[in-house]
Structures are given as C-alpha cells and as structure tokens.
Amino acid sequence: MIHEPFLSVSPTKKPLAQRQKLSIFPNQPINMKKLIGILLLVFNLAQAQTKLQSPEEFLGYELGDRFTRHHRMVEYFNQVAQAVPTQVFVKQYGETYEHRPLIYAVIASPENFKSIEQIRQDNLKRTGLMEGTPSTKLAIVWLSYNVHGNEANSMEASMKTIYELVNPANTKTKEWLKNTVVIMDPCINPDGRDRYANFYNQYGNLPANSDPQSREHREPWPGGRANHYLFDLNRDWAWETQQESQARIKLYNQWMPHVHVDFHEQGYNTPYYFAPAAEPFHEVISNWQREFQTTIGKNNAKYFDEQGWLYFTKERFDLFYPSYGDTYPIYSGAIGMTYEQGGIGAGISITTNTGDPLTLKDRLTHHFTNGLSTIEASSQNATRLIDEFEKYFKENSSSPAAAYKTYVIKADNNPDKIKKITDWMTTHSIVYGQPAAAKATRGFDFSSQTVTNVNVTTEDIVFNVYQPKGRLITTVFEPQNKLTDSLTYDITGWNLFYSYGMKAYALNEKISVTKPFQPKAAEALPITGKPYAYLFTYQSLSDVEFLAALIKKGIKVRAANKPFTLHSQNFDRGTLIVTRRNNEKIADFDNTVQTLAKNLNRKIFTAATGLVEKGADFGSGEVNFLKEPKVALLGGDQVSSLGQGEVWHFFEQQIHYPVSIIGTDYFKTVDLWKYTTLIVPDGNYRLFDEAMLATLDRWVSDGGKLILIARATGSVADKKGFRLKEFADEEARKKSEKEDKEWKEKTGPVKFAEAERMGLSENIFGAIYKVTLDKTHPLAFGLDDFYYSLRTNDLHYAYLDNGWNVGILKGRQKPLMGFAGNKINKKLENTLVFGVEDKGKGQVVYLVDNPAFRCFWENGKMILANAVFMVGQ
C-alpha cells in the first residue's frame, strides 16, 4: 500500500443517494408516514450536499479506479465550495469551444477568506499593476492541471488536493493556509480531457489490462492532448490564439501568483520530473527564481525519497520559450515550474519496461504529493517569497537590466496590425502609448537588422521596459535572445515584430509614455449616388476576413494584379474591387457592401469610373475575378493533428469561411472535383501512392488547386508529374553527398555521449529566417519585399524549374533569431520556401515553411490566405 504523506484519515462511504433508494407510487392515496419519510430523505439529501465529502464519497468510487469525466469534477468542486463556504469559492472564468465550463477555485483559511479580495488587490499593488500600498502579506500558489487532455491523472489529483486543503482533520494544510492562498485550475483543457476519458471509458478492459499493446493504451487520432481545434494549449500562454488561453490569461493577471505549477505527464517508462529545470534559462530569470525552484525541488525530493519513488531534475524541460505554463509565469514574476509524471497512454494500469505496474492511483498520488509539498515549501518560506516577488517588480520598474529599454512601433504600420498587437499587449498588462515629443535617436531596425538613425514621432507607439511586465517585454521583443544551451525543448525564435512584419525599432534609451494610444476607426468617406465600384485595401488578415464575408454574401469581387492610380489615390496589388456590374442580382447591393465594411471596420474607397489614371482599367485582364473557393482540408491519421488544427482554426475562427474536413480513411473515395482547393497540412503521409498522385495530377490539371504545407511537400517531391525537387540536378546531389562525407570525416566517429549534441548541426529549433519575396505574385499580395519565416523543419528544395519561386532563401544565411545548426544552414542555401507550379488549368502551391504555425505568425496567415483566394485566379 502507498503511504500518502499529506493524507488525513477519514472513512470512505458511498454517497447517501447510493445507499438509499426512493420509491414513490403514484395513483395511490397519500400515506402520511410515507410522505414524512420522503421529506426526511429529501432533507437528509440536502444535508449531504452541504456536508464536506471526500472525492470517494461524492463520486461513489475511489480516485484511480476510473477516469472521471469533466462535469463530475466540476460538480465535486462546487460541492466543496458549498460545504466550506468560509474557505472556498469556485467560479467559472471562461468556456471551451465545446461549451464546457472553465472553472477555478480559491482556497484560504477562514480568517484570510474574509479579506480575499483585499489580498488579491494587495498583491497587484505589490507588482505595480495597481496603485497603493499593500496591507496584507500572504503567499499565493496557483496549481494548474490537465493542460494536455490525455495527461489525465492530474484532474483526478486536483480533487484529492482540494479535499485535503479544507479537510478539518488535516492539521498540516490548516497550518499552511494561515499564510498562503491556493488557487486551483483543475482542468485547463476540458475538451481534450473528456475526449481521452471517453475513449478510455469506452475501450478500457474490465479489469484494466496492463499489456501496453492492448487497445486501451493506443489512443486513436487525434488523441486527447489538444483542445477542440487541436491546439497545444501549453504552447499558447503568451500568444492567446485560443479562447481557453484568452480567458485564463485574463484571470492570471488579476491575481499574479508567487508560485505556479503546471502538472503534466510524460511517457510511462519515464518516472517523474520536477524542478529545478534544465538549461537553457532565459537571462531575465532572476537568481531568486532559480534558487527557489531548487528549494521546492528539495522538498519534493524529501517526500519521494521517503517512498522510494524515482524522479529526475535538471533535464529536458528548460525555461526559454515564453509561452509555456512554466515560463509565462516565470516572466511574470512567479516561480514557474512543470511537474511531469510518467503516464501518457498508461490508462488505469500498465506494465512499464522494468516489468513493474504503474497505476492511475500511483500517478495521481505522486502529483497530489508534490502539489501539497509545493504549498508547504511556499508557506514555510512565505515571507521571503513575497519579499523577493516585490523586489522583482521594483527592479522591473526602476532598474531593468535589459540592454534595450524602449520599443517603437511606427505610426505608418498597417492599422489592423497595430490594433492587433496593441490589443495583445493590453491582455498582458503591458503599458504602451505615445511620447510627449518627437526625438531623433539611434536604434536597432527590425526591417534591416542594423543599428540606424531613428526619428520617433508623437504619433508612434512606444513601450519601455520600466514597468511591471518589463521582463516579459524583453523576452518577446528583444532583437536577439541569448541561448545558453542549444539543446532546447521548443522553438528558439518568436519575435512578434517579425511575425507581423512591422516597422519597429529597439532603443537603448528610455522614452516615456505620456498619452494613451487610441486606434483610429476606419475613415468614413462620404458616398454619394451609386458608385461604379467600391475599392478596399488588401494588406492584413482583417482584409481577408472582409473578402471572405463578401464572397459568402454572393458578392462578386475582383483583385488588381498590378498597382494602379485612381482619383489621385494609389492602390497596391491585391486591392479588392467590387463593381456594380456582375452584382446586379444582389438585393440592396450598396447597403450590403457598406454594412459589411462598417461591421468589419474597413475603409471604403469609391470609384466613379473604371478608367484609371495609371495602371490597368477595371475591365482589364490584369484585374482578376476571384472565383468562390470551395475548400477541402485533409484530416485524420497521417496528418499532424496540430497542423490540421491550425488550418481549421484559421478558417473557422479567424476568417470565418467554410471548410470541409476530409478524412484520410476515406479520402480515396472522395469526389475531389466538387472542390476547387485541397489543403494538405503538415504530416507523415503513406496515403499518396502512385495511383493517388495520378488522381491529384488529373484534378489539378482540370483546374484544382493543391496546397501542400511543410512535410506534406515530401509526398510529391521528386515524384512523377510534379516539379518539386530536393536537388536541381544530379550534380547538385553529388555535391551534397560529398559535403556530407567530408563533414563525417572531419568530425570523426561520434561518441555515444555526444551523439545528441552532434545531431544539432542538422537541426532547426524554430528559427527566424529572412525570405526574399516576389511580391508581384498573388501568393505574396499584401506583403513587402521580405517575409520573416519561422522555420520549424529542415526541408530543403531546389528552386522550381518552370515554376514561380515566390519566396526563397537567397544565398547563405543564418537565422535572424533562434538556433539552427551549421550543417543545415548550408543546405538551405538558395532554396525554395514558397512556390507555385502551374499545371494545366490548376496549380500546386508549395508552402515549405508552415505559415500557420501555432496561428501566431501573423504574416504567415496572409501567405495561406493568398494561396486560397488569390493564386490561380
């Protein structure tokens, strides 16, 4: 039997409702004795609901016997709050895409609970996010569970944890709560969690089968890890592309805890990981944050050692990428930590590679133990924990160590992009605005990657690091990050100025914000009569959303292939032209167009004529009619679930345009000729055999458009009928083979201990490259001469022969930001990034870099939109 160090002793009983059965017989005379009995039973049931129950009493089974569905956990947390209203409140803070509630609980001692709002506000005063002097001093520990749905033990552990925190028989937790407030988010990802629980509860053996090859341990695609749109919510803390993340970050910044733990699981043959973390640590992480991770780790180790449980620290899980559940809190002043229990795919019980059983009860007990150990360590060190937390924010506001003190966003950037990035900063409590006076200075230019003269105007947006979120600002916006160890867990480049393709600068001096920035509404130009045509710019994702809205309304739209001038106004390639001609069948045409533009804040330009002053007239062949895309998206086994989710979310939640998801299991039976466009996301495909490729070849030649993203390009590379080649010719192939051979001869035999690091020379860890664009091609409409690509793969293809090389890596390059090995950088020399192959009446679009990666790379989404709406028209 496992000894659980923080567990109080209480009898386990079945819920009263399961011990008694109520039988009412209608159509019989009222029996007063029976009626009184019924009333007493109802009274007893009500009493049972308000009496604190253990999870076992409430659920009717022991934790670990089965996977609890999300709604039952919510009911249990509410029962605890009802039973102990002087110590606990439970509130809903958001909702998932599948309409499950996102809840959190706040737990405190009865005395502290009376002033819980004062405690929250005092903590914000400590950070500087709220004005005033704090009058209370309590540690705040936040425990987050089940961000990955199929890492399923932690939600079970959360129920055990909240019970012990308020169990009157538990003297230890009573003592801790005297100076500590605990916040619990028992399930960050309810949609993924229930997807996994439903799978296991349907296919699990009774009793559980510990054979790893049994079906209950083989979760089908897409698995429960991700949310509804198949996003990894543990990579979305900073970017907030998902509504679960948006709701959670809003709540997080209302509390700003001192300690945050993110509970996870890893492969079941790996025991348990807890802090301290592995290198690399970002340099903004304070010495105290490093030190206290070790303090908590030692406390955890004490309890694990007592039980003989295996664990490891300082390996694999680093603190660099800013959008994790440990790093986002770290860069917001907390002690952020990941705890990883072995258990993915383990179900209720599994036999590990050592021949030992690993049960759900084991796993949840380990998380439960470390959760309480963390609270204990925080309580025992509460005074210093709070003092160091306050010191962190004082340093941020008065003496930030970052080399770059101020960031400038030029006022002439696209207004949609300005609004989107400033809205993002608002959600993270970043202060921005406009300066009091113009200033000539020098700074790093994100467009040229050089230090140059900068003229800051009073219309520009500025934000400096002298503020509570200063270190988060540095982490997200610094021109180059310092990587202390290239062996890292995730991407190493993410700067949002490159993501948005913005004119921006980093300065070594402080410029203060003196007035708030207010985004301007689209200028409402007077519209008289019935214009010959309406014109709209095409430079941002908001413009794509507007185009999609027009098409859905049945409005016929054209796009300019070349720049033109009309009424002394210059219009760029891609400008949307909505002529009265061909839209005669649209009822109330003018009102429909104007209303859509107003609702989506689009500036309306009008044309009294189709005769332009410069460029192509509206009836020219250089003004393309945009046919309505009927889009199919490949999904299912062999497809990267994350890759499919990115595209799915892009269509449904960002541009609001219909997409049909076609499963790989029946793809060969689908009539492709019903669709104009097929998107094949990143994935490892066996589907595209010779016969399937021949079918695609015919479909494209008949007018279809095939869009291949990232590794999907490998399905057609060097295949009959497609022009995508790894090498331009045999000579180039032999040259590459020779260089590989010389590299091996130079490095010599690889030592076993050095193998992983030697492999880094051929890898890219999410690095940013400067891609040269042919912006005359429709695939690049709305973009500039360069595109900053977040490259997450090592694919390399020769320029297309007899095709359009729209985006290329020209010459030998190193990443602008992030890590890539020397060997792969050489292979990327003069290679294709984005290309279009004309085939009969159709096109094949090659997107070698994934432009929709995690849906936070803003300009990448323009590339994807252009592939769908602009190419081939």
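What to note about this one:
- Residue in the stretch 501-520 that is open to solvent by less than 70 Å² (accessible area, probe 1.4 Å), more than 28 Å from residue 318 (Cα to Cα) and of a type in the set (Val, Ile, Thr) present: yes
- Hey, residue 402 at pLDDT 95 or above, open to solvent by 20 Å² or more (accessible area, probe 1.4 Å) and assigned to a loop (DSSP other than H, G, I, E, B) or not: yes
- Scan the stretch 551-594 for residues that are open to solvent by 30 Å² or more (accessible area, probe 1.4 Å), within 25 Å of residue 852 (Cβ to Cβ) and assigned to a helix (DSSP H, G or I) and the total you get is 1.
- Exactly one residue among 156, 175 is touching a residue at least 12 places away in the same chain (Cβ under 8 Å), open to solvent by 10 Å² or more (accessible area, probe 1.4 Å), outside any loop (DSSP other than H, G, I, E, B) and not small (Gly, Ala, Ser), and that residue is 175.
- Residue among 419, 410 that is open to solvent by 50 Å² or more (accessible area, probe 1.4 Å) and out of contact with any His (no Cβ under 7 Å at 6 or more places or on another chain): 419
- Wholly within the stretch 764-826, strands (runs of 3 or more DSSP E) carrying at least 2 residues that are crowded, with 19+ Cβ neighbours inside 10 Å and aromatic (Phe, Trp, Tyr): 764-773, 786-791
- Pair list, Cβ < 9 Å and 6+ apart or interchain, from the stretch 273-293 residues that are free of Cβ contacts under 8 Å to residues at least 40 places away in the same chain and within 26 Å of residue 366 (Cβ to Cβ) to residues that are aromatic (Phe, Trp, Tyr) and buried (at least 17 other Cβ atoms within 10 Å of the Cβ): 290/281
- Taken as a whole, the condition of being under 35 Å from the mean Cα position of the chain (by Cα) and within 27 Å of residue 415 (Cβ to Cβ) applies to residue 597.
- Residue 870 being closer than 20 Å to residue 646 by Cβ, buried (at least 24 other Cβ atoms within 10 Å of the Cβ) and over 26 Å from the mean Cα position of the chain (by Cα): yes
- Residues being in contact with a helix residue (DSSP H, G or I) (Cβ under 7 Å, 6 or more places away or on another chain) and among the acidic types (Asp, Glu) - total across the stretch 84-99: 1
- No other residue among 242, 246, 293 is open to solvent by 10 Å² or more (accessible area, probe 1.4 Å) and modelled with pLDDT of 95 or more apart from 246.
Here is a yes/no grid of residues against (1) among the polar types (S, T, N, Q); (2) closer than 17 Å to residue 414 by Cα; (3) without any contact (Cβ under 8 Å) to a residue 12 or more places away in the chain:
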position	(1), (2), (3)
519	no, yes, no
540	yes, yes, no
556	no, no, no
592	yes, no, no
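- Filter result for residue 80 (buried (at least 21 other Cβ atoms within 10 Å of the Cβ), in a helix (DSSP H, G or I) and of a type outside the set (Ser, Thr, Tyr)): yes
- Odd one out for residue 476 among (1) open to solvent by 10 Å² or more (accessible area, probe 1.4 Å); (2) under 30 Å from residue 391 (Cα atoms): (1)
- Residue 526 vs. criteria over 16 Å from residue 577 (Cβ atoms) and either loosely packed, with under 12 Cβ neighbours inside 10 Å or touching an Asp or Glu at 6+ places or on another chain (Cβ under 6 Å) (or both): yes
- Filtering the stretch 91-115 to residues that are without any contact (Cβ under 8 Å) to a residue 60 or more places away in the chain and in a strand (DSSP E or B) leaves 91, 92.
- Given (1) within 26 Å of residue 863 (Cα to Cα); (2) over 18 Å from the mean Cα position of the chain (by Cα), index of the condition residue 481 fails: (1)
- The stretch 178-219 - residue that is within 25 Å of residue 371 (Cβ to Cβ) and among the charged types (D, E, K, R) and, of those, surrounded by the fewest Cβ atoms within 10 Å (Cβ to Cβ): 178
- Inter-residue pairs, beta-carbon under 7 Å, first in contact (Cβ under 8 Å) with a residue 24 or more places away in the chain and in the stretch 808-826, second in a strand (DSSP E or B) and among the small types (Gly, Ala, Ser), 6+ apart: 815/767; 817/767; 818/766; 818/767; 819/767; 820/767
- Within the stretch 422-441, the set of residues being free of Cβ contacts under 8 Å to residues at least 60 places away in the same chain and surrounded by fewer than 18 Cβ atoms within 10 Å (Cβ to Cβ) comprises 423, 426, 437, 438, 440.
- In summary, residue 692 fulfils each of the numbered conditions (1) surrounded by fewer than 18 Cβ atoms within 10 Å (Cβ to Cβ); (2) over 27 Å from residue 860 (Cβ atoms); (3) of a type in the set (A, V, I, L, M, F, W, C); (4) touching a strand residue (DSSP E or B) at 6+ places or on another chain (Cβ under 9 Å) with the single exception of condition (4).
- The residues of the stretch 595-609 that are in contact with a helix residue (DSSP H, G or I) (Cβ under 9 Å, 6 or more places away or on another chain) and part of a loop (DSSP other than H, G, I, E, B), listed by number, are 600, 601, 602, 603, 604.
- Subset of the stretch 530-550 [more than 18 Å from residue 611 (Cα to Cα), open to solvent by 10 Å² or more (accessible area, probe 1.4 Å) and either in contact with a Gly (Cβ under 7 Å, 6 or more places away or on another chain) or in a loop (DSSP other than H, G, I, E, B) (or both)]: 537, 539
- Unique match (being touching a Leu at 6+ places or on another chain (Cβ under 6 Å), among the β-branched types (Val, Ile, Thr) and more than 19 Å from residue 70 (Cα to Cα)) among 166, 259, 181: 181
- Checking each residue in the stretch 221-268 for being assigned to a loop (DSSP other than H, G, I, E, B) and farther than 22 Å from residue 331 by Cα picks out 221, 222, 223, 224, 225, 226, 227, 228, 229, 230, 231, 268.
- Among strands (runs of 3 or more DSSP E) entirely within the stretch 610-716, having at least 3 residues that are closer than 30 Å to residue 578 by Cα singles out 623-625, 631-635, 677-680, 705-709.
- Restricting 253, 269, 287, 234 to residues that are under 22 Å from the mean Cα position of the chain (by Cα) and surrounded by fewer than 18 Cβ atoms within 10 Å (Cβ to Cβ) narrows the list to 253.
- Answer residue from the stretch 372-417, given it is among the β-branched types (Val, Ile, Thr) and touching a strand residue (DSSP E or B) at 6+ places or on another chain (Cβ under 7 Å) and is nearest to residue 507 (Cα to Cα) among those: 406
The values are calculated or read from the model by the stated rules, or taken from the named source; none is laboratory data. For clarity, every value in this text was computed on a predicted model and none was experimentally measured. Glycine also receives a Cβ, built like all others from the backbone with ideal geometry; neighbour counts cover every protein chain displayed. For the accessible areas, the whole protein counts, side chains as well, though only heavy atoms, and no ligand, DNA or RNA atoms are used. Shrake-Rupley method; radii C 1.70, N 1.55, O 1.52, S 1.80 Å.
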